[in-house]
Amino acid sequence: MRLFITSMLIVLSSAIFSEPLKNLVLINDGLDVENSENISDDYIRLTLLEPSYQSASSIKLSIEVWLGPDMVILNSKESLKVQAPRDSSQRIQFISALLALEISL
């Protein structure tokens, strides 16, 4: 019985793998180093380091659980847009929290 429980725990732990978003994407935040007001819209762009439809969908779902529905646009298996504050200081804090978000893969 103990061996069965141990085996099941190993299977479950490998099935539920999570990683912080910062390890999965590159981010285009709309801020320019020389001009902190260089924001053209309400979105930041995320580009997956290892593109796949499953990863993109998992990232979208995790962010929308955190922020609410309709906050993420899935452009392709490689990129997503996340609605973010326009104010540069709020945007920086938002990005910091976003990149720390754990994504279940």
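Looking only at residues in the range 63-94 that are in a strand (DSSP E or B) and farther than 20 Å from Leu105 by Cβ, which one is least open to solvent (accessible area, probe 1.4 Å)? Even if it seems obvious, please write down each step before you answer.
Going residue by residue through the range 63-94, those that are in a strand (DSSP E or B) are 72-74, 79-83.
In the following step, the residues that additionally are farther than 20 Å from Leu105 by Cβ were identified as 73, 81, 83.
Working: Ile73: 67, Lys81: 45, Gln83: 64 Å².
Selected residue: Lys81.
Checking the structure you have, find out if any residue of the range 23-31 is modelled with pLDDT under 95, acidic (Asp, Glu) and over 14 Å from the mean Cα position of the chain (by Cα).
No, the range 23-31 has no match at all.
I'm trying to understand the selection: among the residues of the range 35-62, which are outside any helix (DSSP H, G or I), in contact (Cβ under 8 Å) with a residue 12 or more places away in the chain and open to solvent by 40 Å² or more (accessible area, probe 1.4 Å)?
Listed by number, the residues that qualify are Ser36, Glu37, Asp42, Tyr43, Arg45, Thr47, Leu49, Glu50, Pro51.
The values are calculated or read from the model by the stated rules, or taken from the named source; none is laboratory data. Computed from a predicted structure; not experimentally measured. Heads up, the Cβs are rebuilt from the backbone with ideal geometry, glycines too, and the neighbour counts pull from every protein chain shown. All accessible areas refer to the heavy atoms of the entire protein, side chains included, with ligands and DNA or RNA removed. Shrake-Rupley method; radii C 1.70, N 1.55, O 1.52, S 1.80 Å.
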